[in-house]
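Take a look at the structure set out below.
The values are calculated or read from the model by the stated rules, or taken from the named source; none is laboratory data. In this text the structure is predicted, and so the values were computed from the model without any measurement. Backbone-built Cβ (ideal geometry, glycine too); neighbour counts: all protein chains shown.
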Amino acid sequence: MESTNQVLLKGNEAAIYGALLAGCECFFGYPITPASEIAHAAANLFPALDRPFLQAESEIAAINMVFGASASGRRAMTASSGLGISLKQEAVSFIATCELPAVIIDIMRGGPGLGNIGPEQSDYNQVVKGGGHGSYKCIVLAPNSAQEMCDMTYEAFDLADRYRTVVYVLTDGVIGQMLESLKLPEPLPRRPIPEWAIDGGVNKRDNYIASIYMDHDDLEAVNIRLQEKYALIEKEQQQAESYYTDDAELVIVCYGIISRVAKTAVAKLRDKGLKVGMLRPQKLFPFPKSHLNDLVNKECMKSFIAIEMSNGQMIDDVKLAIECKKPVHFYNRMGGNVPTVKEIIEKCEKILKEQQ
Amino acid sequence: MEKLKFGKSSGFFDTFERRPGAIKKNMHYCPGCGHGILHKLLAEALEEMDIQDQTVLIAPVGCSVFTYYYFDCGGISVPHGRAPAVGSGIARANPDSFVISYQGDGDLGAIGFNNFIQAANRGENMTVLFVNNAIYGMTGGQMAPTTLPGQKTMTSPQGRDPLTEGYPLKVCETVAALDSPVYVERCALTSYKNIMQAKKALRKGLENLKNRKGFSLIEFLSGCPINLKMTTDEADHFIEERMMKYFPIGKFKDIADDRPAISKHLGIFEPAAVKRILYPNRQSSSKSKDFRNKSEIFTKERRIKCAGFGGQGILSLGMMIANMARLRNFNVTWLPSYGPEMRGGTANCSVVLSRDDVGSPIVDKDTNLLIAMNQPSMDKFLPELKKNGVLLYDSSSIEVPNCSEDKKVFGINAAEIAEDLGDHRVANSVILGALSFILRDYFLEGDDKADFDKTFEEAIIDCFANKKGIVDLNLKAFYKGKAAVETCF
Ligand SMILES: Cc1ncc(C[n+]2csc(CCOP(=O)(O)OP(=O)(O)O)c2C)c(N)n1
Ligand code: SF4
Ligand SMILES: [Mg+2]
C-alpha cells in the first residue's frame, strides 16, 4: 500500500511526529493534563523506532534526564505544563548555562496553583523570561495548529543545536488537544555526535560539562557570552505572521489558540469594512520587535490590542517593543476560558469607535 | 592504625589544569577527607580497568562538586541531588557509557533521595558511590540525613534528637530491600583493611557497569574532620566506634551473576525506515492526492457540533467525521470538550471542515450541523444552530424539538438500533450512517455522490485502528443508520 504524509493528529501527537522526524533520540516525561498525549504518543513511537522512552519519577527527573542525554550528544526532549514547568526550572538554568541543546514542550493549563486543566497562557513569564535563576533565556516557539506543532518541534531541534540552547515549544491546551489535518515533514538523518559531547566512544574523553565558575570574572565572562548569544538570536530569529495588517488601524497581538479565534474575528470585522489586523508572534523569544516597529511607524496605525489567556504577560513585551509609542489595549480571559469571536469583535469595535 | 599509601594514577590528570588559581597539583579536599581517599581508589580502578574513555563521572553538589578537575574521564556537574536522574539520561541515551554517580549524604539522602531510589528501582546501568560523612561538608557542617543520634552539627546544636529529627537514614538497607539493584555494599574509608575492602567493592561496582548488570550502590563511611572538629585519627575513630555501630559495613546484596545484561536501544534513523513506521498507509488510493468534493455544501466552512453523554462515543463520532473530511482532503479540526466544559458526564466535540485554512476550531454560536444524542445537549446547543442549519438527533431518547422552519431536522432511533445490534456503543456509527445519507441525498451533487459511503467506511476503519471485530460491528451499524434514515422520509 502507498504511504502518505497527510495525517490527522492531535497537536500533542503532531509534536512527537515532528520530533521523531527531526531525529530526536530520546524522550523523558511525566504525565500531566493537557500535555499527556505527548507522552502517550512518545511511549508508542519512540520504542517503535527503537529509541529510548522513559516515564520519569517527576518533572525534575525528566528534565535532568534530558540534561544527561543532551550532554551525551543525543537529541532529547521532554514535555509538561504549568506546575511541571515550574519544577523543571533549576535544571533548565543548568542546561542553558552549559549551553546544551534541549527541547521542552509546554502545553499551558489553568493556574496559578493546581488551577485546572483548561487552556491558559499563564506560563508566558516563566518560559519566555528565562524562568529559573540567573540571566539566561530560551528560544520560545509558539505554534497555533497541529501543522505548526509538528513543524516547530521539528525545527526546534535545529535551533537548539545551532545556538546550543534550550528551545521551548509553547502553546495552550486547545492547540495540544485539537485534532487537525497536517502534512508530515521528511525524516532527517541521525545527527552526528557533536564534538562537545561526553561520548568517549566518539570523541576523546576530555570533554566535561559544568556550570560552576568559582572565579567571579570567569562567571561574568560566561554571562556576557550568553547575553551576546541572546542578542544574536534576537537579530536572526524574530518571526511573526501578519494578517490584514497593511492598512490596519487596530492590530491584535496574540498567539496560540487566540490567534485562531482572532483570525475569524478579523475576517468578520473586515466584512464590516473595519480596518483590523492581526500580528501573531510565532516566536515569543525573540519577540517580533521589528514586525511591531514596522507597524507602529505607519500613519494609519492607531493602536494595538494584546489578547491573552492570562493576567497580561505578553502585553509587557508588546509595550517594550514599541516603547509605548502607541496605545496598547488589553483583553483577556482566564481560568480555562477562551475569548470568543464575538468578544473579540465587540472589544475591537469599541476601540475603533473610541479612537475615531 | 596502618595507613594506605597511593602512587600517582593515570586515572587522574597529571596536573589539574581545570582547577582555577595557582594550585594545580593538589586536590581541594581537607586533609583526612574521605573524598580524597575515594578519589584515589577510583582513579586507580579506572586506570586498571581501562574504562576511562567510556566513563562518565557525575559530580554532585557538595564538597566533591569538582571531580572533573581531577579525573581523566568524561565529566558532568549537575544540580544538587539530581545525579541519578542525569545518569539515567546518559545511560539510556548512550548505553555504551559507564555512568558513575558520585554523591554525598545530603545530595543522595536528602534533596535527591527520590531520584536516587527511583534510579535504583529501575535498575539503571549505573554505579552510585555514596560518600556518607554524616554531615553537610560543603555548606559548613549542617545536619545530614545520616547524622548520628546525639551528633552536634550547626543545625542540630543540641545533638540530633531522633524523636524530632528521626533516626539516621539507612541507605544500603533500603536499597537492598528492592528487587532491581544487583549489588549493595557498605565500606569504611578508615583502616588499611577497610580501605582494601572498599577497593574491592569499587572494582565490583565498575565491573557490573561494564557487564551492563544494572544498578550497584557502594556506600563509603568517610571522615569530614573539619566539620567534626576532629583530627584525622579522631575522625577514623568516630567512624569505627560510632558510625559503624549504626551503619554496619558489609555486603548487603550481590546478585549480579544471576542477572542478564541490559539490552541496548540502537535506534532506527534510516529515512525510508522511519517513513515506513511513521507515515500512515494511504487507503483511498483511488482518489488523487488533492481530490476534494466539489459540491456547494463544501464551499463554506462547515462547523459541526456533536454532543451527548460521555460513553456514547461522541468524541469518536466527531473523529470519524473529521477522518472522512481528511480522506477527501479538506482542512479539518476536531476539538473535544475539555477542561472546564467537561462536567456532569456530558461530552461534546467541535469539528470544522473547510477548503481554506480553518480559523477558530471552537464551534459555538455558528453551528451548521448539530448532532445531539441526549436531551441536555439538545437543550444546550440547539439555540446555537445557525439559520438553515441541519439537526440530526437520537429520537430514542430526545423529544421532537421545536425548531424554526429554516432548519432541516432528522430524528433517528440510534440507541435502539444499536441495542438491537447488541452493543449500545455503536449508536454513534448508526448516526454516522444517517449523516452520510443526509449529506449525500440533500447536499452532494453529481460525481460527489458516487463513492461517499466508501469514504465513510474508510473513516470508520481508520478510527478503530483496523480492529476487525469492532470495525465490522460499526460498519453494520453504519448501514443500519443509513437504512433507518432512508425509511424516515
Ligand atoms: C538546590 C540547592 N540547594 C542547596 C544547595 C546548597 N548545598 C550545596 S552542597 C549542600 C550539601 C552537601 O552535603 P553532602 O551532599 O553531604 O556533601 P558533602 O559536602 O558532605 O560531601 C548544600 C545544601 C545547592 N547547591 N542547591
Ligand atoms: S569539608 Fe569535610 S567533606 Fe568537605 S573537603 Fe573538608 S573534610 Fe572533606
Ligand atoms: Mg556529607
Worksheet item: Cβ-Cβ below 6 Å, separation at least six or inter-chain, first residue in segment B:119-140 and of a type in the set (Ser, Thr, Tyr), second at pLDDT 95 or above and within 16 Å of ligand 3 (Cβ to nearest atom): which pairs?
Response: B:136/B:106; B:136/B:142; B:136/B:144
Response to the item:
Restricting segment A:153-199 to residues that are in a helix (DSSP H, G or I), among the acidic types (Asp, Glu) and more than 21 Å from residue B:92 (Cβ to Cβ), the one nearest to the other protein chains (Cβ to nearest Cβ) turns out to be A:158
Worksheet item: Among (1) under 28 Å from residue B:208 (Cα atoms); (2) within 11 Å of ligand 1 (Cβ to nearest atom); (3) buried (at least 19 other Cβ atoms within 10 Å of the Cβ), which single condition is residue B:137 missing?
Response: (1)
Worksheet item: residue B:159: modelled with pLDDT of 95 or more, away from chain A (no Cβ under 14 Å) and within 16 Å of ligand 3 (Cβ to nearest atom), yes or no?
Response: no
Discussion item. Looking at the structure I just gave you, is residue A:315 within 14 Å of chain B (Cβ to nearest Cβ) and either part of a loop (DSSP other than H, G, I, E, B) or under 26 Å from the mean Cα position of the chain (by Cα) (or both)?
Written reply: no
Discussion item. Being facing chain B (nearest Cβ under 10 Å) and in a loop (DSSP other than H, G, I, E, B) is the filter here; which residues of segment A:25-50 pass it?
Written reply: A:25, A:33, A:34, A:49, A:50
Worksheet item: Name the residues in segment B:223-267 that are buried (at least 17 other Cβ atoms within 10 Å of the Cβ) and either within 16 Å of ligand 3 (Cβ to nearest atom) or among the β-branched types (Val, Ile, Thr) (or both), would you?
Response: B:223, B:224, B:225, B:226, B:227, B:228, B:235, B:238, B:239, B:243, B:247, B:249
Worksheet, complete the sentence: Flagged in segment A:63-77 as facing chain B (nearest Cβ under 10 Å) and either out of contact with any Leu (no Cβ under 8 Å at 6 or more places or on another chain) or within 16 Å of ligand 1 (Cβ to nearest atom) (or both), in numbering order, are A:63, A:64, A:66, A:67, A:68, A:69, A:72, A:73, A:74, A:75, A:76
Worksheet item: Which members of segment A:295-333 meet the condition of being acidic (Asp, Glu) and farther than 17 Å from residue A:257 by Cβ?
Response: A:299, A:316, A:317, A:323
Worksheet item: For segment A:116-137, what are the residues that are buried (at least 18 other Cβ atoms within 10 Å of the Cβ), in a loop (DSSP other than H, G, I, E, B) and not polar (S, T, N, Q)?
Response: A:120, A:123, A:130, A:131, A:132, A:136, A:137
Fill in: Residue list for segment B:197-256, filter: within 22 Å of residue B:116 (Cβ to Cβ), within 16 Å of ligand 2 (Cβ to nearest atom) and of a type in the set (Phe, Trp, Tyr)
B:220
Fill in: Listing of helices (runs of 4 or more DSSP H) fully contained in segment B:202-302 that carry 3 or more residues being aliphatic (A, V, I, L, M)
B:271-278
Item to complete: Evaluate the following for residue B:166: is it more than 16 Å from ligand 3 (Cβ to nearest atom) and within 19 Å of residue B:75 (Cα to Cα)?
Response: no
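Let's see how each residue does on (1) outside the structural domain of residue B:65 (by TED's automatic domain parsing); (2) within 14 Å of ligand 3 (Cβ to nearest atom); (3) out of contact with any strand residue (DSSP E or B) (no Cβ under 7 Å at 6 or more places or on another chain); (4) hydroxyl-bearing (Ser, Thr, Tyr):
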residue	(1), (2), (3), (4)
B:99	no, no, no, no
B:104	no, yes, no, no
B:107	no, yes, yes, no
B:110	no, yes, yes, no
B:113	no, yes, yes, no
B:117	no, no, yes, no
B:122	no, no, yes, no
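Matching residues to (1) within 15 Å of ligand 1 (Cβ to nearest atom); (2) on the phi > 0 side of the Ramachandran plot:
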site: B:44; (1), (2): no, no
site: B:56; (1), (2): no, no
site: B:78; (1), (2): yes, no
site: B:89; (1), (2): no, no
site: B:94; (1), (2): no, no
site: B:130; (1), (2): yes, no
site: B:150; (1), (2): no, yes
Discussion item. Quick test of your reading of the structure: residue A:216 fulfils all but one of (1) within 12 Å of chain B (Cβ to nearest Cβ); (2) surrounded by 16 or more Cβ atoms within 10 Å (Cβ to Cβ); (3) modelled with pLDDT of 95 or more. Name the failing condition by number.
Written reply: (2)
